[in-house]
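Before any comments, here is the structure.
The values are calculated or read from the model by the stated rules, or taken from the named source; none is laboratory data. Since this is a predicted model, take the numbers as computed values, not measurements. FYI the Cβ positions are ideal-geometry reconstructions off the backbone, even for glycines, and counts take in every protein chain you see. When the accessible area is computed, the model is the full protein with side chains, heavy atoms only, and any ligands, DNA or RNA have been set aside. Shrake-Rupley method; radii C 1.70, N 1.55, O 1.52, S 1.80 Å.
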Amino acid sequence: MRKLSAFSHLIFLYFIANVSNGDGFDPVIKLPQFQSLKKQVKSRRVVSVHHFGAKGDGIYNDTQAFKDAWEIACSSPLRFTIEVPSGSSFLVGPIEFVGPCRSKVTLRVTGNIIAPKDPGAWDGLNPRKWLYFTAVKHLTIDGGGVIIGMGEEWWSRSCKVNISNPCRHAPTVSATSYSEQVHGSFSYVSVTHYLSLVLLSLIESLLVPYVQAVTFHRCKDLKISNVMTLNSQQMHMAFTNCVRVKASLLKVIAPVDSPNTDGIHISASSKVEVTNSIIKTGDDCISIVSNSSQIQIRNISCMAGHGISIGSLGKSNSWSAVNDVSVDGALLANTKNGMRIKTWQGGSGFSRTISFRNVLMENVSNPIIIDQYYCDSFLPCSNQTSAVKVEDISFVNITGTSATEEAIRFACSDTYPCEEIYVENIQLSSYLGGYTTSFCWNVKGSSWGVVYPPSCLSCSKSFIELKTLPSNGHLSF
């Protein structure tokens, strides 16, 4: 009888431990040896985060439920799908989804994932991470849901918004010849002002960390489609050290005046495709940096922000390489820049084999730019001879209107001139009427067809090594 009674008592405790929270109370005791929930979940292969205790009311912290769901999915030997269901908003704090997983995993987001409003939720944690996927292979994210960064409080702490935290761009110290041609005379800052810039830079780095809403790091064979990211803390979506990425049908949205809210950032990655997406943010729509290659951007609408950028490259005398990038099919409207390659003085490496084709622009400032004197710093950028080499760059079938008089700008290094720059069928008229102009400094290249504004470079064939082009109608400069 005692043995039977003990067994009956064990059964009773097991029953209590697995009672659903829907009855209004939490389990009294947990018996890990039974693992019944995990067995039930694994057998389904498609589970909702609700199965792990997520409430989805936008108030309750559902972070642990997402962690538990990922643990089950990633450890399954069979392909697994985690559903974030529609009609619910899940408050999720900083979280890491760590691989490698035993099989392919799909995260199907049809509802909303919401970040904490208070940056204090990152206290003691890496302030650069919110939804962080690392070392995962064959991950798919889709579903039509929304990832909401709740970035308003982060933006208010930026020096670009809160004037009580001063933020002033330092003057650019360029090669003397370039400075005289482009910037005019340069006035050196006082020692006191210089020290204040150093202090402000330190304050900004401490108070406003660079938060990436959704980060994919060291992921392979990644597919993400039909997802919206809204009001990221700063950068919306980043691919770092990834291989074979397909991103499509994305909507990336933040206010035009939200600081540092880059849309899609690609760093040290290869074989990345971004297609059929709409981006409207306060910073670069797409930025491609540091040792990335085989990047394809197709059919992108960039409706605000700073345009499509290669770089910046070579900051702090670093070596950077970006090559084999194709932007084919884009609409840019009301952006501060169009298609831009930007490098710092003192860097090394190269930016080459990059093409921008079939781009329509409306009211775009600085539509076409190569700038090897880029300086976005609180501190003055010193005159340095080393530079990231820029070569084999083409701009083909670029039409529309420029918000600035200067529509084409090639400002290249005195030591390492831009080479093999090719322009074809460029028609950039003034949005406000009047005329548009080009500026060139130490650039070598060739053109084909009608180019407006007209070329500002030398017409001497001996000045360059021409690319192989059709002989009829070819112009060199």
Seminar exercise, completed: Counting only residues in the range 334-363 that are in contact with a Ser or Thr (Cβ under 7 Å, 6 or more places away or on another chain) and charged (D, E, K, R), the one surrounded by the fewest Cβ atoms within 10 Å (Cβ to Cβ) is identified as GLU362
Exercise. Got a number for residues in the range 293-308 being crowded, with 24+ Cβ neighbours inside 10 Å and of a type outside the set (A, V, I, L, M, F, W, C)?
Worked result: 2
For this session: For the range 219-229, indicate whether the set of residues that are under 15 Å from the mean Cα position of the chain (by Cα), under 30 Å from LYS117 (Cα atoms) and free of Cβ contacts under 8 Å to residues at least 60 places away in the same chain is non-empty.
Result: no
Exercise. Can you name the residue in the range 377-400 that is open to solvent by 30 Å² or more (accessible area, probe 1.4 Å), at pLDDT 95 or above and not acidic (Asp, Glu) and, of all such residues, is farthest from ASN363 (Cα to Cα)?
Worked result: LYS389
For this session: Could you pull out the residue among THR140, THR106 that is at pLDDT 95 or above, open to solvent by 20 Å² or more (accessible area, probe 1.4 Å), in a strand (DSSP E or B) and not acidic (Asp, Glu)?
Result: THR140
Exercise. Do we have any residue at all in the range 84-102 that's open to solvent by 30 Å² or more (accessible area, probe 1.4 Å) and at pLDDT below 95?
Worked result: no
Exercise. Out of (1) modelled with pLDDT of 95 or more; (2) part of a strand (DSSP E or B), the odd one out for THR404 is which?
Worked result: (2)
For this session: Kindly indicate whether any position in the range 364-376 is under 16 Å from GLU419 (Cα atoms) and open to solvent by 30 Å² or more (accessible area, probe 1.4 Å).
Result: yes
Problem set entry | Yes/no for SER309 being among the hydroxyl-bearing types (Ser, Thr, Tyr) and either touching a His at 6+ places or on another chain (Cβ under 7 Å) or outside the structural domain of GLY347 (by the TED database) (or both) | no
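Could you tell me which residue of the range 277-292 is nearest to ILE253 (Cα to Cα), considering only residues that are open to solvent by 30 Å² or more (accessible area, probe 1.4 Å) and modelled with pLDDT of 95 or more?
Among them, the one singled out is LYS280.
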For this session: Would you be able to say whether some residue in the range 120-130 is assigned by the TED database to the domain that holds GLY58, within 30 Å of PRO77 (Cα to Cα) and buried (at least 17 other Cβ atoms within 10 Å of the Cβ)?
Result: yes
Exercise. Which residues, taken from the range 407-423, are assigned to a strand (DSSP E or B) and surrounded by fewer than 18 Cβ atoms within 10 Å (Cβ to Cβ)?
Worked result: TYR422
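Please tell me if PRO171 is at pLDDT below 90, surrounded by 13 or more Cβ atoms within 10 Å (Cβ to Cβ) and closer than 30 Å to ARG244 by Cα. Break it down stepwise before answering.
Values: at pLDDT below 90: yes; surrounded by 13 or more Cβ atoms within 10 Å (Cβ to Cβ): yes; closer than 30 Å to ARG244 by Cα: no.
When the stated conditions are applied, PRO171 does not pass them.
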